[in-house]
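Structure first, then comments.
The values are calculated or read from the model by the stated rules, or taken from the named source; none is laboratory data. Just so we're clear, the structure is a prediction, and the values are computed from it rather than from any experiment. Here Cβ is always computed from backbone atoms with ideal geometry, including for glycine, and neighbour counts include all displayed protein chains.
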Amino acid sequence: MKPQIVVSDIQQGRHNADLNGATDRLVRGNTYKNLSTVIVVPTRGLIAAKVVQNWMGLMTPMNQKAIRIFVENMEVADAYNSAIDMILAHPELSKWKYVLTLEEDNMPPPDGLLKLYESMDRYAAVGGLYWTKGPGGQPMCYGTPDGIVDFIPQIPQPDTVQEVNGLGMGFTLFKLDLFRQIERPWFKTQQVFTPGAGTSAYTQDLWFFQKVREAGHRVACDTRVRVGHYEVESDLVW
């Protein structure tokens, strides 16, 4: 600190000096609302140290409830279905507001969850932006919500909340009430061939988002929340 002569003065503080700006920030972040969140992590049992270190820096809102639930060694759709069943049947957790899905190879920014909360008044689910692994990686934001529910990968629009039809589940925030409004099973991994109709293939995430969009709910990708996708074998973050 620099040397200075301290003279009695009235200091209202920087946030009080710009009270409108400070309150706008609080309203935008929704931090004055109930943001209680169950974080669901499906895992094969071992999570890389770099990923764990990243998670240790994830910020949650001050004085808000947050808990992590790990589901070990289950097929991913079964893991999510089982976790949601448990939450909805739990006397305390069933009263909470949100579910955040966090997968064992995803590395969100420290303020990622705080940014996702900002859009939850408008959407049933909002996810961070991450890409499939490899040099030809595709963004995990699918489909243009213009009537027909498609899941074509979309070009991410920088630093915005981009409405889409589907998301991955590596770092995605859901309203818990959404699971009360959508028929179970919420998640299903499907690869089916029907003679005369062709093949039908869904990962568990797009299976669920198909049902969500058909029910009229809106979802979005927050491209400000840029999530790394860690590949253990190559030690690369895609």
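For first residues located in the stretch 67-95 and aromatic (Phe, Trp, Tyr) and at pLDDT 95 or above, partners that are crowded, with 16+ Cβ neighbours inside 10 Å and in a helix (DSSP H, G or I) and lie 6+ apart or on another chain with Cβ distances below 7 Å form the pairs Tyr80/Gln204. Confirm whether Thr23 is out of contact with any Phe, Trp or Tyr (no Cβ under 7 Å at 6 or more places or on another chain), modelled with pLDDT under 95 and under 30 Å from Phe208 (Cβ atoms). In short, no.
Counting only helices (runs of 4 or more DSSP H) that sit completely within the stretch 1-81, those holding 3 or more residues that are within 30 Å of Thr203 (Cβ to Cβ) correspond to 49-56. Identify, please: which residue in the stretch 26-63 is over 12 Å from Leu114 (Cβ atoms) and of a type in the set (S, T, N, Q) and is, among those, surrounded by the most Cβ atoms within 10 Å (Cβ to Cβ)? Only one residue fits best here, namely Asn54.
Rundown of residues vs (1) at pLDDT below 95; (2) within 30 Å of Met86 (Cα to Cα); (3) assigned to a strand (DSSP E or B), yes/no style:
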| residue | (1), (2), (3) |
| --- | --- |
| Ile148 | yes, no, no |
| Ile155 | no, no, no |
| Phe174 | no, yes, yes |
| Leu206 | yes, yes, no |
| Asp222 | no, yes, yes |
| His229 | no, yes, yes |
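All of (1) over 20 Å from Lys33 (Cα atoms); (2) touching a Gly at 6+ places or on another chain (Cβ under 8 Å); (3) not small (Gly, Ala, Ser) hold for Asp85 with one exception: (2). Screening Val52, Val71, Val40 for residues that are within 19 Å of the chain's Cα centre (by Cα) and closer than 24 Å to Arg213 by Cα leaves exactly one candidate, Val40.
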